[in-house]
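Visitor: Structure in structure tokens, see below.
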Amino acid sequence: MTRTPPHDIAAEQAVLGSALLAPRLVADLADVVQPEDFYRAAHAELWRVLVGLHAAGEPGDLIAVTAYLIDLGSLGRLGGVPYLHTLIAAVPTTANGPHYARIVAEHARRREVADLGSRLTRLAGSNGDTSDLLAAGRALLDSAPVQAWPDPMPLSARRAPSAFPVEALPSWVADMAGAVAEFTQTPADLAGCIALAALSTAAGGRAEVEIRGSWREPANLFTVVVLPPGSRKSAVFTALIRPLLAAESVLIERTRPAIVEAELALRVAAKAADRAANTAAAAIDAGGRDRLLADATAAAMAAEAITIPSLPRLVADDVTSEQAASLLAEQGGRLAVLSPEGGIFATLAGRYSGAPNLEVFLKGHAGDMLRIDRRSRPAEHVDQPALTLGLAVQPEVLRDIAQMPGFRGKGLLARILFAVPENTVGRRRIGADPIPAAVADAYAENLTALVVGLAALDEPAVLPLSPSANERMLAIERDIEPRLAPSGTWAHIVDWGSKYAGAVARIAGLLHLAEQLPNERDGVIEAGTFDRAATIGAYFAEHALTAFDDMGADPLVDDARHVLAWIERSQTERFTKRDLFTALSRGRFRKAADLDPVLNLLVAHGYLRQAPAPERRGAGRAPSPGWLVHPEVLQPAGTVQPISAGRVS
């Protein structure tokens, strides 16, 4: 059995990623590790580039290195932009760069010793002086590169995203979220996200954050938590949403007298209009008829102007787009769809209507005017709809929604704050402490006060940023803009990233309202509140990368997984590009050249190796490039899982 030479691919990635994130470290790292110390040839080549740029006084950040590699023509060979992103994602902290450099150098020395030892062992059987054998062994070491297969790296080498920062929530919300997570033994992410959805339900349509100029963000969110079956999602929803239903009952009781009064006024006005109409019809004198007709018209218009209030409703479950639109119109543009299941996505995709209908949810998030056409009644307009979405879905649903028509292209996925927490099933503590009564009572009391207090406002509360909070907002905008560039780390989720700053502002507005409560509210969002919102925003950014990766949002990585799946099915040990192009669908790869970046990525991750070119005979067409497959990819199913897409299963 062939033994793999000593190496540490993760350490090599951390060295390169540290240099890309902090180019100032290159000089220190170069004192420890040399290009030939890297086990993977692509890593050695990239390290030469980074050291060369540093020596020449040129920028060595991600954007500059990407541009340099494009000019050099070697970007694709090194794995392309996605692999550079993988290197950066592999860095826990740049401060540990020298530590990882020493690991790489140490493994290189160990390989030298191991290789020299094996070759000297073979030479020991021949006659000759020991010193001659040692010299011959060293000569062999210098001339023969190691050809053993390194371990393949997952196509998504991103670290597991961090846990929800419960401490960033207002104390009464944080206490409840933490207690619910402890009692149900579920990830804090689920309770934290549903608590945010509860705050959004209270504030939706009743508050907006004024950032600067005409830029305002409504205080409502779309949150989706991804967890497998059996994760006690319903228990968490029940604990955190029940107070909203109680607050809804309070609003209903407060509205009933107004409903009774409006119904009575309508009956009286309708009868008065009927009497006026009958009197006008019975008039004989033409002049008197005109006056009576005007009185009857005024009475009819007065009756028509009376509106009977609808019973307040805060929460809906699995509704269609049409039902959501009707409820928004009835509730003055305010509604929340909260559910521990993700069936609403299939409904939006056209499960019942046969065609996707996303307009209500797109406009309900943005606050754009919504027109609702009805068959039996005049069309209605909702000037500023505010829809809240709080769902917990299974991993299969997450993968499905990316393929649903219009979900990505029309921007629905870009509006969702995703959470992909670690599953705790199988590691839950039995007999966890129940939610303390004082914590549950404080949560219910404060959430009800928030709902009722904001419902009493005639116009949405406008919450401007303080000057210091605005500086924090500008810093976020400056930070994310380079990430959205074609070579940036968010290039494959630019639609989501473009809404990131606005999402942070919305979260800041919700935290502000929850901290102050309506009757004590100071309208200015301070820097401290905004900093806590930024912490939560960073959490969602980290999880968005995982969620979109699990959905196959990076086309190159998705194509690479498709090629690996073909290799596993066909058990092909060696193939040519022509073989691969012939076997795959033209709908995915229209021409053979489309395979080049995919093959480069698979080589960079260690799944493939280019085979020696066969001799060319005659003047015919050159042989198609050949590729060798890593033996682990061809092992029986269940032995290895080289194309795993993160932790969602």
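Visitor: Identify the residue in the stretch 449-486 that is over 30 Å from GLN331 (Cβ atoms) and open to solvent by less than 20 Å² (accessible area, probe 1.4 Å) and, among all such residues, is farthest from the chain's Cα centre (by Cα).
Guide: Only one residue fits best here, namely SER466.
Condition check ((1) closer than 23 Å to VAL452 by Cα; (2) within 40 Å of the chain's Cα centre (by Cα)) across all residues:
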residue: LYS233; (1), (2): no, yes
residue: THR238; (1), (2): yes, yes
residue: GLU248; (1), (2): yes, yes
residue: LEU251; (1), (2): yes, yes
residue: ILE259; (1), (2): yes, no
residue: GLU263; (1), (2): no, no
residue: ASN278; (1), (2): no, no
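Visitor: Answer yes or no as to whether SER249 is open to solvent by less than 10 Å² (accessible area, probe 1.4 Å), modelled with pLDDT under 95 and farther than 27 Å from LYS499 by Cα.
Guide: No, not satisfied.
Visitor: Output the number of the condition that ARG429 fails; it satisfies all remaining conditions of (1) touching a residue at least 40 places away in the same chain (Cβ under 8 Å); (2) assigned to a helix (DSSP H, G or I); (3) out of contact with any Phe, Trp or Tyr (no Cβ under 6 Å at 6 or more places or on another chain); (4) within 23 Å of THR238 (Cβ to Cβ).
Guide: Failed condition: (2).
Visitor: Condition first: modelled with pLDDT of 80 or more, open to solvent by 20 Å² or more (accessible area, probe 1.4 Å) and among the acidic types (Asp, Glu). Can you find one or more residues in the stretch 372-379 that meet it? Even if it seems obvious, please write down each step before you answer.
Guide: As a first pass, look at the stretch 372-379 and keep what is modelled with pLDDT of 80 or more: none.
No, the conditions are met nowhere in the stretch 372-379.
Visitor: Here is a follow-up. Need a quick list: helices (runs of 4 or more DSSP H) entirely within the stretch 267-357 having at least 1 residues that are under 30 Å from MET404 (Cα atoms) and in contact (Cβ under 8 Å) with a residue 40 or more places away in the chain.
Guide: Counting at least 1 such residues, we get 321-330, 343-348.
Visitor: Would you mention how many residues in the stretch 285-297 are at pLDDT 80 or above and either touching a helix residue (DSSP H, G or I) at 6+ places or on another chain (Cβ under 8 Å) or open to solvent by 80 Å² or more (accessible area, probe 1.4 Å) (or both)?
Guide: Going residue by residue through the stretch 285-297, those that are at pLDDT 80 or above are 291-297.
Now restrict to residues that are either touching a helix residue (DSSP H, G or I) at 6+ places or on another chain (Cβ under 8 Å) or open to solvent by 80 Å² or more (accessible area, probe 1.4 Å) (or both): 291-293, 295-296.
Total satisfying the criteria: 5.
Visitor: Within the stretch 527-571, restricting attention to residues that are touching a His at 6+ places or on another chain (Cβ under 8 Å) and over 21 Å from ALA592 (Cβ atoms), which residue is surrounded by the most Cβ atoms within 10 Å (Cβ to Cβ)?
Guide: Checked the stretch 527-571; the qualifying residue surrounded by the most Cβ atoms within 10 Å (Cβ to Cβ) is THR529.
Visitor: Also, quick follow-up: Tell me, which helices (runs of 4 or more DSSP H) wholly within the stretch 1-115 include 1 or more residues that are open to solvent by 60 Å² or more (accessible area, probe 1.4 Å), in contact (Cβ under 8 Å) with a residue 12 or more places away in the chain and out of contact with any His (no Cβ under 7 Å at 6 or more places or on another chain)?
Guide: 9-21, 26-30, 41-55, 62-72
Visitor: Is it true that ILE70 is closer than 27 Å to PRO5 by Cα and out of contact with any Cys (no Cβ under 8 Å at 6 or more places or on another chain)?
Guide: Values: closer than 27 Å to PRO5 by Cα: no; out of contact with any Cys (no Cβ under 8 Å at 6 or more places or on another chain): yes.
It is false that ILE70 is closer than 27 Å to PRO5 by Cα and out of contact with any Cys (no Cβ under 8 Å at 6 or more places or on another chain).
Visitor: Could you list, in sequence order, the residues of the stretch 572-597 that are open to solvent by 70 Å² or more (accessible area, probe 1.4 Å) and under 19 Å from HIS630 (Cβ atoms)?
Guide: Answer for the stretch 572-597, where residues must be open to solvent by 70 Å² or more (accessible area, probe 1.4 Å) and under 19 Å from HIS630 (Cβ atoms): GLU573, ARG574, ASP579.
Visitor: Residue by residue through the stretch 408-435, note down the ones that are farther than 22 Å from PRO228 by Cα and open to solvent by less than 60 Å² (accessible area, probe 1.4 Å).
Guide: Of everything in the stretch 408-435, those that are farther than 22 Å from PRO228 by Cα and open to solvent by less than 60 Å² (accessible area, probe 1.4 Å) turn out to be GLY411, LEU412, ALA414, ARG415, ILE435.
Visitor: Return the residues of the stretch 173-232 that are open to solvent by less than 10 Å² (accessible area, probe 1.4 Å) and under 15 Å from GLY367 (Cα atoms); say none if nothing qualifies.
Guide: Those that are open to solvent by less than 10 Å² (accessible area, probe 1.4 Å) and under 15 Å from GLY367 (Cα atoms): SER200, THR201, ALA203, GLY204, ALA207, VAL209, ALA219, ASN220, LEU221, PHE222.
The values are calculated or read from the model by the stated rules, or taken from the named source; none is laboratory data. Please read all numbers here as calculations on a predicted model, not as lab measurements. Counting neighbours? That spans all protein chains shown, and the Cβs are built from the backbone with ideal geometry, glycine included. Side chains included, ligands, DNA and RNA excluded: accessible areas come from the protein's heavy atoms. Shrake-Rupley method; radii C 1.70, N 1.55, O 1.52, S 1.80 Å.
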